[in-house]
Structures are given as structure tokens and as C-alpha cells.
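The values are calculated or read from the model by the stated rules, or taken from the named source; none is laboratory data. Everything quoted here is computed from the prediction, not taken from an experiment. Note: ideal-geometry Cβ built from the backbone for every residue, glycine included; neighbour counts use all protein chains shown. Please note that ligands, DNA and RNA were not included when accessible areas were found on the heavy atoms of the full protein model with its side chains. Shrake-Rupley method; radii C 1.70, N 1.55, O 1.52, S 1.80 Å.
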Amino acid sequence: MSQREHHIYDVVGIGFGPSNLSLAIALREHWTSGQDGEVSALFLERQSSFGWHRNMLLPSATMQISFLKDLVTFRNPTSSYSFVAFLHASGRLPQFVNNQDFFPTREEFHQYLEWAQARVADRVRYGAEVTSIRLVPGATPEEDRLRLEIEDGEHPAGRVIETRNVVVSTGLVPSMPEGTERDERVWHSSEFLDRYRRTDPSALRRVAVVGAGQSAAEITRFLYDELPHAEVYSVIPSYGYSVADDTPFANQIFDPAAVDDYYFGTDETREAFWRYHRNTNYSVVDDEVIRDLYRRAYDDEVRGTKRLQFLNLTRVTGVKRVGAETRVSLQVGPDAEVRELDCDALVCATGYKGMEPTGLLGALEGYCVRDAAGRYRIERDYRVVTDPELRCGIYLQGGTEHSHGLTSSLLSNIAVRSGEIADSIVARRAGRIAAGPVAVPAEVGGDLL
Ligand code: FDA
Ligand code: NAP
């Protein structure tokens, strides 16, 4: 039988990337401000230690947001968990300022996230994968308790905990081209460094990278630099890389106020956000990386070597194995001419799908309200709209692009969003305490952590 904790948490966060880390800090700061009692919170992360897209921590890759859009500053500019506080603690504040750069490397931002998570680690369990969320068996929805099943490697039959609210923040889901399966020589960008480090570089004489987004451009640059003996093919669906628009007016769509404009706007307003501003984030590349790649291609021409090849207006339609080779099927140009490319490794930097909590929610899905397009209806405070009898809160950090706009999958607004979710949980908790105790049936016991 699963081990069950007796404690009922006010909130359990599923996944501990930057979004829920920011929430853990918001809850901690709320408590230490002395306004109310402590909200009992626990965060569960399936990785064995903190890691933020580790397989894309390529040398010289930089952040795509200002360092001031850290875990806290837009919510609480005086927080001790800011990037500036981290720099100060690391003894690097003057040097950082001398750099005169708003965009730290991803490596440095990762160090910041690790520093911040260490300060709330008493609320986190690593190596703990949540496999389902459901109502407590035999309980009515009004009892406001959810049961989470967890696999943590320590308890063969699993572990069970209960909570009044969940905040699901399990991240983006890697997307492969149709008809393409991953294997030891066909990788998605989300597993890139791990796969690359386990491969003998001398076996990589011809490599191909699919996609025209930031991941593809960074990996192409990395492979070209790391494998001087190899030909590097870049398979791009466009004519050339398009630049990510991060100019000031366009950047306003990532402001906290833009969430209200999107959420309370009409369908036409929301459509305009996408039509005009998709190029701030999707299938686009930072100017500096585009220029780096062009420079390398030009230097090739000067040397007459042409190691870097761009297959433009080209899409991957399938992959098969032929001996040791990976044979990639390509559709080229406006006439969709079919061609093949043999390579030693194929990296699909083909993007991600939005966060999808349906699998975790299981039967609870029946209580969640969907719109005419089949998407979850979400309250402004990021709570899934549910049948009124379900009193537990199911909050989403991610997967809310259709309701809250482009910041849903990004870091830009996490400080403010986490603050809004923390406020909502605190207010609901206060309402429950004011309403008095609810009778809870006795349960079979387990161990108390
Ligand atoms: P994130 O994906 O970071 O974390 C989710 C966590 O949930 C993971 O740690 C996962 O292991 C865990 N998990 C999943 N299922 C679980 C389960 N069932 N049980 C327990 N744990 C589970 N955005 C931006 O604004 N600026 C930037 O510079 C970048 N840079 C960037 C680089 C790269 C390479 C990518 C792919 C993406 C970005 N992004 C970005 C966008 C990115 O979505 C964002 O930076 C954050 O990762 C969002 O944080 P989350 O915590 O929401 O998800
Ligand atoms: P992305 O922007 O969605 O780009 C995916 C690319 O793959 C698109 O160009 C897409 O073209 C192409 N593609 C998909 N299927 C294809 C096929 N069958 N054949 C050829 N091309 C195909 O994904 P991403 O580059 O991984 O970026 C995702 C997020 O991570 C973004 O927010 C990005 O900013 C972020 N990121 C940040 C950093 C950093 O901080 N340094 C690094 C990497 C990524 P179509 O659009 O035509 O389908």
C-alpha cells in the first residue's frame, strides 16, 4: 500500500522549474512579512536536483529577457531573492555592471536559480514525480482535499499526499516532426547536450539541425565550432533565419499590464496579439546569433571549404535508419520536391507544445470547464474554472496562452504571476479558516514525515 502523509498541505506545486520556484519565494515572503500564518506548501520535482533546460546550457548562450525580469523583482523590487542580490552575494555586482549588458549568460542565470532554490529547499522534494491527482476516495468534492500519487524511488508502492490546492507547472512538451522518432542518433534539442556528450565526436562527420528558431541556431553554431572536421547542415523551413523582435514597443506585450489587456480583451484583441507579435518568440532568433552564423558561412566561402550548409525552404518529413546512417526525408521548396540527406546525427530543434495537465488530472477532468474550442477556461488568478462543487483549487503556471497571452510559457511575468497565485491561495485559505472546520472522515494511517 502507498505511504500516506497525514498532513494536508494548503498547496502542493507540481514541477519545480523557475515558475514554481518563484511561487515558493512569494509564499515565503508572504509569511515572513508577518501578515498571516504560514501557508503550508510543498513542491515536487521529478529531476534529482534543480535544473533549468540543462541540455541547452550551451557556452555563450544568453538570456532572452533582462536580468531584472528575475524571480521576484517585478513583484517585490526590495526582495532578497533578486538577481542583483545574487550578484552581490557572489561578489560580482561591480563586474556585472561594468559589462553594461542586460542579458546574462544562461549559465549565470542558472547559477542564480540554483542559489535561490537552495534558500527554499526545505519546501522541495527532488526525485519525486507526480503521477496522478484525484479526489480522496470516498470524499465528496466539497471536502476540498486532493490526493497526489508520487513515485520517488524510495517507496516501491509509491507515496500519497493530500492538499487543498495544486499548482501545476510541468513545463513545455518537446515536439518532433511528424513521422520522426527519437533514437540514439535522432535527438530533440531538449536532450541535446546529454546526447552529444555521450557520442564520440569523431563519429560525427555530417550532422543536421532542423528548425529556424533560437534552439536550432544555437545548436548549429555550437556544432560548427565544436566539430571542426564535420559538415553541418541546417534544415530551415524559411528562406533564412528571422530576427526575434525585442524592440521596446513590441516588448510591451510581455509587461504585466498586457496580461489584463489579453485576458479581458475581445477575441479580435487576442488574435491581434498573435498576428502582430508572434515574432517576439516563436521561430525567431536573436540578432547576434544570426550574425555569428552568417559570419561563419561567409568565412567558409572565403576559405573555399563550405562546411556550413543551409537547406532553406525545407521541411523534414521523416527519418529512417540505413546501416549506421540516419536517412532524413526532406520536402524542398514551393513544389515540395522530395530529397534525402544522410547524416550521423539529426538534431530536431523543432520546438515545443504548451504544458498539458490533462494526463495528470485524470478523472478530475470531469470537473474542469472547457471553452467552445476545447481549452480549459481559466480564472484571472490562473485557477482552472471547475464545477462549483469542487472546492479545491487547480492552478496552472503554463498552458494558459489562450487565456493570459504570450507570457504563459516564458519567464517575463513569473514574478507577478506567482504573486497573484500566492495572493489567491492566501485569500482562499483565510476564507476557509473563517468558515470554520469541515468534518473529515478518518483515514487509514501511513507514516508522518
Ligand atoms: P520548466 O520547464 O522550467 O520546469 C518544469 C519542471 O517540471 C521541470 O523541472 C520538470 O522536470 C518538472 N516536471 C514535469 N513533470 C513533472 C511531474 N509529473 N512531477 C514532478 N515534476 C515534473 N523564456 C524566457 O522568458 N527567457 C529565456 O531566456 C528563456 N530561455 C529558454 C531556453 C530554452 C532552451 C528553452 C527550451 C526555453 C526557454 N524559455 C525562456 C522558455 C521556458 O519555458 C521558461 O524559461 C521556463 O522554463 C518556464 O519555467 P517553468 O517552471 O514553467 O517550466
Ligand atoms: P521554436 O521557436 O518553436 O522553433 C521551432 C522551429 O522548428 C521553427 O522554425 C519551426 O518552423 C521548425 N520546424 C518544426 N517542424 C519542422 C519540420 N518538420 N521541418 C523543418 N522545420 C521544422 O522552438 P525553439 O527554437 O526551441 O524555441 C522555443 C522557446 O525556447 C522560445 O521561447 C525560445 O526563445 C526559447 N529558447 C531560448 C534560448 C535562450 O534563452 N538562449 C535558447 C533556445 C530556446 P515552423 O514554425 O515553420 O513550423
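Remarks
- Of all residues in region 352-366 being within 27 Å of Gly265 (Cβ to Cβ) and surrounded by fewer than 21 Cβ atoms within 10 Å (Cβ to Cβ), the one that is modelled with the lowest pLDDT: Glu356
- Restricting attention to region 385-406, the residues that are open to solvent by 10 Å² or more (accessible area, probe 1.4 Å) and part of a helix (DSSP H, G or I) add up to 3.
- Selection status of Ile421, open to solvent by less than 10 Å² (accessible area, probe 1.4 Å), more than 16 Å from ligand 2 (Cβ to nearest atom), within 26 Å of Leu21 (Cβ to Cβ) and not in a strand (DSSP E or B): yes
- Output for region 303-342, where each listed residue is among the aliphatic types (A, V, I, L, M) and more than 16 Å from Pro228 (Cα to Cα): Leu311, Leu313, Val316, Val319, Val322, Ala324, Val328, Leu330, Val332, Ala336, Val338, Leu341
- Test: residue in region 58-69 that is of a type in the set (A, V, I, L, M, F, W, C), part of a helix (DSSP H, G or I) and out of contact with any strand residue (DSSP E or B) (no Cβ under 7 Å at 6 or more places or on another chain): no
- Screening Ser19, Ser40 for residues that are near ligand 1 (Cβ under 10 Å from one of its atoms) and either of a type outside the set (A, V, I, L, M) or open to solvent by 10 Å² or more (accessible area, probe 1.4 Å) (or both) leaves exactly one candidate, Ser19.
- If you filter region 190-206 down to residues that are within 23 Å of Tyr352 (Cβ to Cβ) and part of a helix (DSSP H, G or I), you find that the one that is most open to solvent (accessible area, probe 1.4 Å) is Arg197.
- Condition check for Arg119: open to solvent by less than 70 Å² (accessible area, probe 1.4 Å) and among the basic types (Lys, Arg): no
- Meets criteria (more than 16 Å from ligand 1 (Cβ to nearest atom), in contact with a Ser or Thr (Cβ under 8 Å, 6 or more places away or on another chain) and farther than 25 Å from Thr131 by Cβ) for Glu29: yes
- Here Ser132, Ser49 are screened, and the one residue that is touching a Phe, Trp or Tyr at 6+ places or on another chain (Cβ under 7 Å), farther than 14 Å from Pro18 by Cβ and within 15 Å of ligand 1 (Cβ to nearest atom) is Ser49.
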